[in-house]
């Protein structure tokens, strides 16, 4: 699954266009490397997003095309 779509489906970022723009701006890192929106997300990848003063870091635990709102948190695990 594409990175921008995963960020939307997992509800880390609400809109796919915003996720795409964040990737283009270099704010999204996958496994400590800048990632493009077309990056193919796999289970075990570590995604880092820097939007504010504190970066968001999560590990991908599952990849699904569609999820319900209440199941979106099950696609990733937050790393401190």
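Observations
- Qualifying residue in the range 20-40 (condition: closer than 13 Å to residue 76 by Cα, touching a helix residue (DSSP H, G or I) at 6+ places or on another chain (Cβ under 6 Å) and either touching a residue at least 12 places away in the same chain (Cβ under 8 Å) or surrounded by fewer than 17 Cβ atoms within 10 Å (Cβ to Cβ) (or both)): no
- Given (1) under 16 Å from residue 58 (Cα atoms); (2) surrounded by 20 or more Cβ atoms within 10 Å (Cβ to Cβ); (3) in contact with a helix residue (DSSP H, G or I) (Cβ under 7 Å, 6 or more places away or on another chain), index of the condition residue 8 fails: (2)
- Among the numbered conditions (1) modelled with pLDDT under 90; (2) within 13 Å of the chain's Cα centre (by Cα), the only one that residue 61 does not meet is (1).
- For the range 42-72, the candidate set comprises residues that are surrounded by 15 or more Cβ atoms within 10 Å (Cβ to Cβ) and out of contact with any strand residue (DSSP E or B) (no Cβ under 6 Å at 6 or more places or on another chain); within that set, the residue that is farthest from residue 1 (Cα to Cα) is 50.
The values are calculated or read from the model by the stated rules, or taken from the named source; none is laboratory data. Since the structure is predicted, the reported quantities are computational estimates derived from the model, not experimental observations. Don't worry about glycine lacking a Cβ; one is built from the backbone with ideal geometry, like all the others, and counts go over all protein chains shown.
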